[in-house]
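Before any comments, here is the structure.
The values are calculated or read from the model by the stated rules, or taken from the named source; none is laboratory data. Nothing here was measured: the structure is a model prediction, and the numbers come from that model. Virtual Cβ from ideal backbone geometry, glycine too; neighbours counted across all protein chains shown. Heavy atoms of the whole protein, side chains included, go into the accessibility calculation; ligands, DNA and RNA do not. Shrake-Rupley method; radii C 1.70, N 1.55, O 1.52, S 1.80 Å.
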Amino acid sequence: MTPKLESTITGSCQSFESIREVLAKANEEKSGDELAGIAADSAAERVAAKDVLSQLSLATLRENPVIPYEDDEVTRVIQDVVDETVYKEICDWTVADLREFLVDERTNEEDIDRIRPGLTSEMIAAVTKLMSNIDLIQATAKMTITARCNNTIGTEGTLSFRLQPNDPTDDVDNIRYSICEGLSYGVGDAVIGINPVEDNHEQTKRLLEVTKEFIEEWNIPTQNCVLSHLTTQIEAVRNGAPADLLFQSLAGTEAGNESFGIDIDLLDDAYEFGKEHCTASGPNFMYFETGQGSELSSDSHADVDQVTLEARCYGLAKRYDPFIVNTVVGFIGPEYLYDGKQVIRAGLEDVFMGQLTGISMGIDACYTNHIQADQNDIESLAVLLTAAGSNYFISVPMGDDTMLNYQSNSYHDAAALWDIFDVRPAPEFESWLEDMGIARDGHLTSKAGDPTVFLGEHEDGRKQESTNS
Amino acid sequence: MTDIDPHTDPEDETALDRIASASPSRLGLGRSGTRPRTASVLSFRADHAQARDAVLTHVSEETIENAGLLKVTSLVSDQDEYLARPDRGRQISEETAEQIRDACTHAPDVQIIVCDGLSSTAVEANIADLLPMLTDGFEERGFTVGTLLFVEFGRVDIMDAIGEELEADIVVNLIGERPGLNTAKSLSAYLVYGPERGKPTATKSVISNIHPDGLPAIEAGAQIVDLVATIHDQQGSGIELT
Amino acid sequence: MGRETDTLTSVGIDIGTTTTQLVISEITISSAGLGALDVDIEQTELVYRGAIYETPLLDRQTLNVEAIEDLVTSELEQSGYTPASIDSGAVIVTGESSYKTNAEELVTRIAADAGEFVVATAGPELESVLAGTGSGAATWASDKQKTILNVDIGGGTTNMCLFAGDSIVETRCLNVGGRLLRFNTAGRVTHISNPAALLINEANLDIEVGKYPSEAALHELVDLMANSVFETVDGTERSELTKELTIRNNEYTSRTIDGVCFSGGVGRLIAANDDEDLFAYQDIGGILATAIRERLESSSLIVRPPTEMIRATVIGAGTQTTSFSGTTVSFDESVLPLKNLPVVTASFSGTDRESLADDLRHCLERGLSLYETDQVAGLALALPNFDTLSYDRITALAHAFDQAYDESGYARRQLPYVIVTQQNCAKALAQCLRAISTDVSPLIVIDEIAASDGDYLDIGEPILSGQTVPVIVKSLVFGRESSAA
């Protein structure tokens, strides 16, 4: 039965109607929860909700999913996959117990791996609401989640980057130049992934071919992806397009996914299709994007807060054993994440929740021009999340994506972060960078930063040099 | 200091220049150690500063007056609320509704409204050329044009509330787009037939990217006039058009 | 708003010194729909490669027009396309064929036979550009952002085009080709073209019509030719002899090139590297190819393989000659298509209405005096760029046009008003003109097209749901001099 949802921690008695309400009001301040009308009305109410939440048992959270089992297929996916044996061991823990387990220095990676199968997305979201920023960073740093496609992402001591060579007119030449530029800075091991201007299968096929040809010409141990709708990519692949990864945006509710034009059946079919037809060699070939606030923006949030919904996206993503999952924080607008502070908090929450769910998690640390944030905020977030052990970041030339009209991390940030934290690119990719003479021992060489090194032909590159001089 | 300056020592200097000039992205700018060069950082910051200013500053009274616009406001009272509460930027108060019902032409063929949206700079940069192209064009085609309105803190869908109050056939909403780093001057025109509150976004037609380096304001004006004529003939807009 | 696409069928016909060929391409163009700024060429697909025919001649100076017409007709039948289904393209007469007395008559007739919008054109510069486009050299330069020289060696001429990144730097043309000297099956010389005669004289070689030349003399002749080719490729120091062989002698820019690409009939022989029967074609093409190949082996030039060799020029002709107006065109559909509109270019001395009207009137008067207006379908008036496109400027311009069309006497001739701008302002200008003008002449304003004095324009029927019209700017005309003639 549902326990009494009351707290007197701030002096007066605050009470709550439902677990869903407690979860929403226990959130750190987010403009999206306010816009949805479900946020705490005061700082006092917020901490009272955290207090109530801290004392709930994991069993209570399991038994009270934010959307009922029979109403929502995302809930069913999350509930059905729980390992009952593991769950029984931890179901009496309070959320506070879970927090203290995660931050305890005696708790190591194996301990977390052991309890993971007993967790639901609601439990993961709940503990996040009790954790401070350092709590989140420290707990994330304990977890290593690797995945394998044409290379291996997420191994200890590595930090990867998506090379995002978008162009406002899908101009193939400009896309290729941006790829050359990014590779010359050592980024691109997570994926070379393009957001196309237009969502049609012809264009998707063309861009998949361009990226694949480039990858093959230079023998790059990475994977390509064009981020059109999943059905568009499948159509392109059916027509012969070479795709290493299949991409889709996910939501944390069935209705939210419906607004993206997908459901579990479609995702299941796509996964089977990808097993058969993706050009990648590894077992992990799905790429998902998520972001706090997307369900509210499509009016499918069911009065659930955006952190809990985000955790549910990861629960869904896990079903498909993805190569990478990317949380796009800061793109959606100030009505969901108001400023740099909220963006940084959301980034830390999401990467933590993703890793605790057991998926290869990375982030697009970004901002639009109408949000109260700037490049310093996302550079800070990148530093914090490198400390936490994010698998990868998105990177664009000089931080400026001229197609999506927003700013993210710069190609330059990769080498700076490797330097500061003494981490390296994915191992296969690092060897390739060394072969190309772009990086040596984890540092850029004098050749780095010059896109024209990729303009010669691979085989006779040396011959050309000698005749040009 | 860095041991390499790719901007002066690339493998192929002419190709680097061509790449830098061909692409709208910030390519071929080189580095200082792991970081961008100082000039590249400052030029990035300058573009961001212009974009921020476009969001945060207001359309001047002078611009509104020179264009002969009647100023009204949405339910939003300041910039912070505008950014955090898009729902309030789509609505008008009962007082505003009464004000426009009293002051404006009733049931025009076309009602034009100008909204600051997310860029006051876009409004400042375009409407002096765009509005007369519209009024001339509508006159030539024999459409009646309502009282020109400026809506402070307006979102796209405020056109529904205003159009419904004034019983306009068609509303044209000229609104500042979210600025990018390439330009803060970009304006969009949304058009709707038979405006009423809650009319879905998909039933609105849009012409975007109106700015001096995109679709020039005068050309956009002529294009909007054509589109209004089509909307008028087909009695529908957005997805209702064939 | 979905992307709209449309497909145009384009023909390329090349009547060369040695061979005549026809290819058909499908050009897919698209625009992003309402509000789109540009029309993009999505794809060009070669859908029909015709056979390669020997160019039929009546005699050494005269092309066999009827035989060539028959050949084009039967090729079209073979391809499954009809002249009515051809939207665009070009007929070009290249190499020595362009010196023939009836070359102009031929292309005009073939163009009329092959479809409503096929343009007749010629000229060694255009030929050079088309060959480099068709051979894949232009694409390579653009993809790699490098510099490449395409060297198209045909029967009568060698046409070079230097591409750097996305731009064309220059063309270089020589009267050197594989068919400048011909033999009968027995090996007796049957024909010596002027450029070959020049070389034979210069080097005092014992080669005469009707006689059996020595192999040594032939080798000396092709060595001279190869020498001129390599001097022209290098571009910096050219002998007097090479300059004499040069068509439209210009100074060449000196720049490092990242590769050369050989196309054309002789280009194919260079790549074939097959010396089995050097005289299989009863000309000097085989030994010229060998001479060039040998020199290449000892040079530092890097040879890039072309995607097309013998068909390079004709493919270029079939795909590169049509441009598209901006998406905000304004036109009176009833008068389209329009063919062969002479272009007159306006230049403005001021910005006020009166001075604009004066300048436009002068321009129209000049056009009317140059071209017989009962012979042409109208004049296309090309405007220079304005620094800013403001409402005041565009209304002043519209008034000036109204006045100038009237005062120049153009309005009385009941010809369509055709205005061409490079800037994106066609609809705006048309709206302003319609609003003030009482005249009822059909009005066509097209934008984002560059054309200048001396050009002719063809404007096709609207495509992409009326968003754009195909425009062919014909800049090259007959009547050029030949340095070898």
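A few remarks follow.
- Over region C:4-121, accessible surface divided per residue gives 39 Å², non-protein components excluded, 1.4 Å probe.
- Probe 1.4 Å, all protein chains present, accessible-area order of C:Asp59, B:Asp226, largest first: C:Asp59, B:Asp226
- Along its principal axes, chain C has C-alpha extents of 79, 47, 47 angstrom, given from the largest down.
- Among C:His362, A:His229, the order of accessible area from largest down is C:His362, A:His229, computed with a 1.4 Å probe on protein heavy atoms.
- Gyration tensor analysis over the Cα atoms of region C:229-386 returns equivalent ellipsoid semi-axes of 49, 21, 17 Å (largest first, whole Å).
- Contact order for chain A, expressed relative to its length and based on alpha carbon pairs under 8 Å spaced 6+ residues apart, stands at 19 percent.
- Within 10 Å of each Cβ in B:127-136, the average number of Cβ atoms from other chains: 3
- For the set A:Trp218, C:Trp140, the ranking by accessible area, highest first and with no ligand, DNA or RNA atoms included, is C:Trp140, A:Trp218 under a 1.4 Å probe.
- Estimated 222 nm signal from helices in chain B, with DSSP H stretches of n ≥ 4 weighted -39500 (n - 2.57), rounded to 500: -13000 deg cm²/dmol
- Given a 1.4 Å probe and the protein chains as shown, C:Tyr456 ends up with an accessible area of around 70 Å².
- Amide H contacts of A:Val396 (H built 1.01 Å from N, in plane; Pro and chain starts excluded): A:Asn409, A:Ser410, A:Tyr411 sit under 5 Å, all sequence-distant by 5 or more or on other chains.
- Computed over region B:56-240, the quotient of the alpha carbon radius of gyration and 2.2 N^0.38 Å is 0.93.
- Charge dipole magnitude, Cβ of K and R +1, D and E -1 - the protein assembly as shown, Cα centre, debye nearest 20: 1600
- Where C meets A: accessible area buried, both sides, 1.4 Å probe, Å²: 1300
- Summing Lys and Arg as +1 and Asp and Glu as -1 over all other residues whose Cβ lies under 14 Å from the Cβ of A:Glu89 gives a net charge of -2.
- Surface calculation, 1.4 Å probe, protein heavy atoms: A:Ser281 sits at approximately 90 Å² accessible.
- Distance between the modelled labels on A:Glu272 and B:Ala103, one decimal in nanometres: 6.4 nm (7 Å Cα→Cβ projection).
- Set B:Lys71/C:Lys427; B:Lys185/C:Lys144; C:Lys100/C:Lys146; A:Lys142/A:Lys212; C:Lys100/C:Lys243; A:Lys205/B:Lys204 screened for pairs whose C-alpha atoms are more than 28 Å apart: B:Lys71/C:Lys427; B:Lys185/C:Lys144; C:Lys100/C:Lys146; A:Lys142/A:Lys212; A:Lys205/B:Lys204
- Each Cα pair under 8 Å and six or more residues apart adds its separation to the average, and for chain C the resulting relative contact order is 15 percent.
- For chain B, built as a Gaussian network whose Cα springs stay under 10 Å, the top-fluctuating residue of B:Ala84, B:Ala39, B:Ala229: B:Ala39
- Radius 14 Å from Cβ of A:Val191, net charge of other residues (Lys, Arg +1; Asp, Glu -1): -2
- From the C-alpha gyration tensor of region A:157-310, square roots of 5λ in Å: 27, 18, 15
- What the Kirkwood sum gives for the protein assembly as shown is a hydrodynamic radius of 33.8 Å, with every pair of different alpha carbons counted.
- In region B:113-160 the Cα-Cα distances spread across 5 Å bins starting at 0 as 5, 19, 26, 23, 18, 9, 1 percent of all pairs.
- Max mean-square fluctuation residue, GNM over chain B, Cα-Cα springs under 10 Å, options B:Ser119, B:Ser208, B:Ser186: B:Ser208
- Average other protein chain Cβ within 10 Å of Cβ, residues B:147-153: 0
- Taken over region C:330-461, the percentage of Cα pairs per 5 Å bin, counting from 0 up to the bin with the maximum distance, is 2, 11, 23, 28, 23, 11, 3, 0.
- A straight Cα-to-Cα reach below 18 Å connects C:Lys211 with the aspartates and glutamates C:Glu220, C:Asp283, residues fewer than 8 places away in its own chain not being considered.
- Tail weight of P(r) past 38 Å, computed on alpha-carbon pairs of chain A, percent: 22
- Ranking C:Thr5, C:Ala114, C:Ala67 by Cα position along the charge dipole of region C:4-121, where only Lys, Arg, Asp and Glu carry charges on their C-beta atoms, puts C:Ala67 farthest toward the positive end.
- Ligands, DNA and RNA aside, A:Lys447 has an accessible area near 70 Å² when probed at 1.4 Å.
- In this simple spin-label model, placing a label point 7 Å from the Cα along the Cα-to-Cβ direction at both A:His443 and B:Arg88 gives a separation of 5.4 nm.
- Evaluated with a Cβ-only charge set (Lys, Arg +1; Asp, Glu -1), region B:56-240 carries a dipole of roughly 500 debye about its Cα centre, given to the nearest 20.
- Over chain A: helical MRE at 222 nm, DSSP H runs n ≥ 4 each giving -39500 (n - 2.57), nearest 500: -13500 deg cm²/dmol
- Summing +1 for each Lys or Arg and -1 for each Asp or Glu among the other residues whose beta-carbon sits under 13 angstrom from that of A:Glu276 gives 0.
- The coefficient of translational diffusion for region C:373-439, derived via Stokes-Einstein from the alpha carbon Kirkwood radius under 37 °C and 0.692 mPa s, stands at 259 µm²/s.
- Rounded FRET efficiency, nearest 0.05, which uses the C-beta distance separating B:Leu42 from C:Asp352 and R0 of 41 Å: 0.50
- Between B:Ala22, B:Gln50, B:Ile112, the Cα set farthest toward the positive side of the dipole of chain B (charges on each charged residue's Cβ, about the Cα centre) is that of B:Ala22.
- Relative contact order, percent, region B:23-182 [alpha-carbon distance under 8 Å, six or more residues apart]: 33
- Dipole magnitude (debye, nearest 20) for region A:338-469, charges at Cβ of Lys, Arg, Asp, Glu: 140
- Pairing chain A with chain B buries about 3700 Å² of accessible area. This figure sums both sides and uses a 1.4 Å probe.
- Per the Debye formula on identical point scatterers at the alpha carbon atoms of region C:136-307, with no solvent, log10 I(q)/I(0) at q = 0.12, 0.13, 0.16 Å⁻¹ is -0.52, -0.61, -0.90.
- Of all accessible heavy-atom area on region B:134-242, the percent that carbon and sulfur account for (1.4 Å): 44
- Given charges at Cβ of Lys, Arg, Asp, Glu: chain C dipole, positive-most of C:Ala164, C:Gln282, C:Val471: C:Ala164
- Using a simple spin-label model with pseudo-atoms 7 Å out from Cα toward Cβ, B:Arg197 and A:Ile9 lie 4.0 nm apart.
- Percent carbon-and-sulfur accessible area, chain A, ignoring ligands, DNA and RNA, probe 1.4 Å: 45
- Straight Cα distances below 25 angstrom link A:Lys30 to the lysines A:Lys50, A:Lys129, A:Lys341, with same-chain residues fewer than 8 positions distant left out.
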